[in-house]
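First comes the structure, then the notes that go with it.
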Amino acid sequence: MICINPLYKIENSIQRIIDLIGSSGISTKGLFVNADAGFDSEKTFKTLETNGIIPNTVYNRRNGKKDSDRLVIRELYKE
């Protein structure tokens, strides 16, 4: 099966990275992920936040609704 959605099972990939970081003895608590609008999804946010990681992801206009409660540190995002 070919999937054209780049977020297809993204939580699995993110969790594998988190597990690798953890196996190295590094805590993910308080880390942040600076990602573009392509990663704007509830699954992505839930996986990150469950592991104590703060998502810094800009809003994707294609999602059709704006999440005004989300904090985006724009200066950090620009970097």
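Scanning region 28-79 for residues that are at pLDDT 85 or above and part of a loop (DSSP other than H, G, I, E, B), we see that the one that is most open to solvent (accessible area, probe 1.4 Å) is LYS29.
Scanning region 20-63 for residues that are small (Gly, Ala, Ser) and under 11 Å from the mean Cα position of the chain (by Cα) yields ALA35, ALA37, GLY38, SER41. Close contacts from region 21-36, counting a first residue that is closer than 10 Å to ILE54 by Cβ and a second that is open to solvent by 70 Å² or more (accessible area, probe 1.4 Å) and in a strand (DSSP E or B), with Cβ to Cβ under 9 Å and a gap of 6+ residues or different chains, come to GLY30/ILE54; LEU31/ILE54; PHE32/ILE54; VAL33/ILE54.
The values are calculated or read from the model by the stated rules, or taken from the named source; none is laboratory data. What you see is a predicted model; the values in this text were computed from it and never measured. A quick note on method: Cβ atoms are made from the backbone with ideal geometry, for glycine too, and the neighbour counts reach across all protein chains shown. Side chains are part of the model used for accessible areas, which takes the heavy atoms of the whole protein and leaves out ligands, DNA and RNA. Shrake-Rupley method; radii C 1.70, N 1.55, O 1.52, S 1.80 Å.
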